[in-house]
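The structure appears right after this line, and notes come after that.
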Amino acid sequence: MFSILRPYIFSLDPEVAHDLAIKSLKANFLPKSFFSVENEEMLETSLLGKTISNPIGLAAGFDKSAEVYNSLFKFGFGFIEVGTVTPKQQLGNPKPRIFRLEKDQALINRLGFNNHGSETVSKRISNNFPDGFLGINIGPNKDTKNKVDDYYICLSRLAAYAGYITINISSPNTEGLRNFHDQEEMKKLLSGINKVIKEKKINCPIALKISPDINENEISRIVDLVSSHKIQGIVVSNTTDSNRDNLSDIKKHETGGLSGQPLKDISTNLIKKFYKETKGKIKIIGVGGVDSGKSAFEKIIAGADAIQLYTGMVYKGPGIVKEIKKELISILKKENLKNISEAVGINA
Ligand SMILES: Cc1cc2nc3c(=O)[nH]c(=O)nc-3n(C[C@H](O)[C@H](O)[C@H](O)COP(=O)(O)O)c2cc1C
């Protein structure tokens, strides 16, 4: 179905196509069984304290305002991350702000956290119980005077509705956001998060989403801070603002974060390095260029407990989840593994 529609979808501006997808998903009447696979129990795993049917998640940025997550669960995702949600609603950067780099199987986006805001999102989720494990990714408003406070506001307001919360410090499209990778800034942020958790008696696992553009020598320091502040997960990684030189598409010079194929190996290598430091004690969610069972497996054997994707679904359609599951199951059989969790980190 998607391959028939794809030429039409790709003739549209990428953001128009995305808005159309959100509208259509509001009326997704396909039964969940349509996307189920045989032997899925081989993919059952645990993530951030929850058992999930499979380790394939939808990455943040697709359902930014939590409008269609239950329709998306029907495609067979094991978990979904909505957001990035900011305290107040905001429009984001001027359009055009998403670019398809078809020759490179990639996207560049500079959306800038367009979303409906934390109050609307909290109401939406409280009125529409999630049919699966739902993460909420949070970040600051562009015009805020104090970014740290914005994380605390979102955490306080949204934790009650979230299976887990992701602290997003890695979007390249919000000025100064990536400064939270600096030691002192990160320490301040994570201590504050801990304080809010204690004061508000929040009982929800927290993950931190990392940039792929960090220096290798920052990894052990990040892992130390994450462990000492009881952050349970690391999402590796967001989009990159480098790696443009070898791309073929003329749109490669657009400002923004690059996702898809050119990010695949960068994020897999980073997962490996994080896994060596965390030694399996902190859950790793691997993201970047996953568009097949093979590329999902590469991230899992590098140390990811679960994976997420976004750009792969833009190029291959929602059937990609079922395809990845089928391919993963056949890889597990070939490798004589009974369950996907046995593969985590075996190549790290
Ligand atoms: C159009 C678009 C919007 C995105 N918006 C967000 C966002 O709001 N918050 C976030 O943490 N990541 C966002 N991302 C990054 C993705 O969650 C993911 O980390 C990245 O795209 C790499 O995965 P992929 O190669 O499978 O797309 C966005 C990505 C794209 C393509």
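Given a Förster radius of 25 Å and the C-beta distance between residue 129 and residue 32 as r, what FRET efficiency does 1/(1 + (r/R0)^6) yield to the nearest 0.05? Please report the intermediate quantities before stating the final value.
On the way: r = 15 Å, r/R0 = 0.61.
Rounded to the nearest 0.05, the efficiency is 0.95.
Between region 307-337 and region 248-279, what is the C-alpha centre distance in whole Å?
With region 307-337 and region 248-279 each reduced to a Cα centre, they are spaced 19 Å.
Per the helix-only calculation at 222 nm, which mean residue ellipticity applies to the chain, given -39500 (n - 2.57) for every DSSP H run of n ≥ 4 and division by its residues, nearest 500 deg cm²/dmol?
On the way: 11 runs with 124 residues, N = 348.
It comes out at -11000 deg cm²/dmol, rounded to the nearest 500.
Between residue 336 and residue 183, 0.36 nm times their residue separation minus their Cα-Cα distance comes to what? Write out the running numbers ahead of the final one.
Working: separation 153, 0.36 × 153 = 55.08 nm, distance 4.25 nm.
Going from the current span to full extension adds 50.8 nm.
Taking the chain as a Gaussian network, Cα atoms linked when under 10 Å apart, which of 245, 149, 305 shows the biggest mean-square fluctuation?
245
Take each uninterrupted DSSP H stretch in the chain, measure its Cα extent along the helix axis, and return the ones at 27 Å or beyond whose mean Kyte-Doolittle hydropathy is at least -1.0. Before the final figure, lay out each step's value.
Values: long enough: none.
Qualifying helices, which must be both long enough and hydrophobic enough, do not occur.
Please order 237, 191, 33 by the number of other Cβ within 10 Å, starting at the fewest. Let's see the in-between values first.
On the way: 237 25, 191 13, 33 8.
Lowest to highest Cβ neighbour count: 33, 191, 237.
If I stretch the segment between residue 243 and residue 230 completely, what's the gain in nm (0.36 nm per residue apart, minus their alpha carbon distance), one decimal? Each step should come with its number before you reach the end.
On the way: separation 13, 0.36 × 13 = 4.68 nm, distance 3.26 nm.
1.4 nm is the gain from fully extending residue 243 to residue 230.
If we count other beta carbons within 10 Å of each Cβ, what is the order of 37, 344, fewest first?
Values: 37 18, 344 22.
Neighbour counts put them in this order, fewest first: 37, 344.
Output needed for region 239-327: three equivalent-ellipsoid semi-axes, defined as square roots of 5 times the C-alpha gyration tensor eigenvalues, in descending order, whole Å. All intermediate terms of the calculation are to be shown ahead of the outcome.
Details: eigenvalues 105, 66, 17 Å².
With the √(5λ) rule applied to region 239-327, the semi-axes are 23, 18, 9 Å.
Taking only the C-alpha atoms, wrap a convex hull around the chain and report its volume per residue in Å³ as a whole number. Present the calculation step by step, with values, prior to reporting the outcome.
Numbers: hull volume 44.0 nm³, N = 348.
About 126 Å³ per residue, rounded to a whole number.
To make sure I understand the rule: partners must be lysines, Cα under 16 Å from the Cα of residue 334, and not fewer than 8 residues away in the same chain. Which ones qualify?
Filter leaves 294, 325, 326.
Just 299, 95, 322 to compare: in a GNM of the chain, with alpha carbon springs under 10 Å, which one fluctuates most?
95
Using a Gaussian network for the chain with springs between C-alpha atoms less than 10 Å apart, which of these wobbles most: 120, 268, 240?
120
How large is Rg over Rh for region 50-202, taking Rg from the Cα atoms and Rh as the Kirkwood inverse mean of 1/r across Cα pairs? Could the numbers behind the result be given before it?
Working: Rg = 15.6 Å, Rh = 16.2 Å.
The Rg/Rh ratio comes out at 0.97.
So for 22, 98, fewest C-beta neighbours within 10 Å to most, what's the order? Provide the component values of the computation, followed by the final result.
Numbers: 22 15, 98 20.
Final ranking by Cβ density, sparse to dense: 22, 98.
If you count the DSSP beta bridges with both ends in the chain, what percent of them are antiparallel, to the nearest 5?
Numbers: 13 of 43 bridges.
Bridges in the chain that DSSP calls antiparallel: roughly 30 percent.
Report the full-extension gain for the segment residue 102 to residue 12: residue separation times 0.36 nm, less the Cα-Cα distance, to one decimal in nm. Show your work: numbers first, answer last.
On the way: separation 90, 0.36 × 90 = 32.40 nm, distance 1.32 nm.
Length difference between fully extended and current span is 31.1 nm.
Laboratory data are not the source of any read-out in this text; all were calculated from the coordinates shown. This structure is a prediction, so every number in the text was calculated from the model and none was measured. Neighbour counts are summed over all protein chains in view; Cβ atoms, including those assigned to glycine, are modelled from backbone coordinates with ideal geometry.
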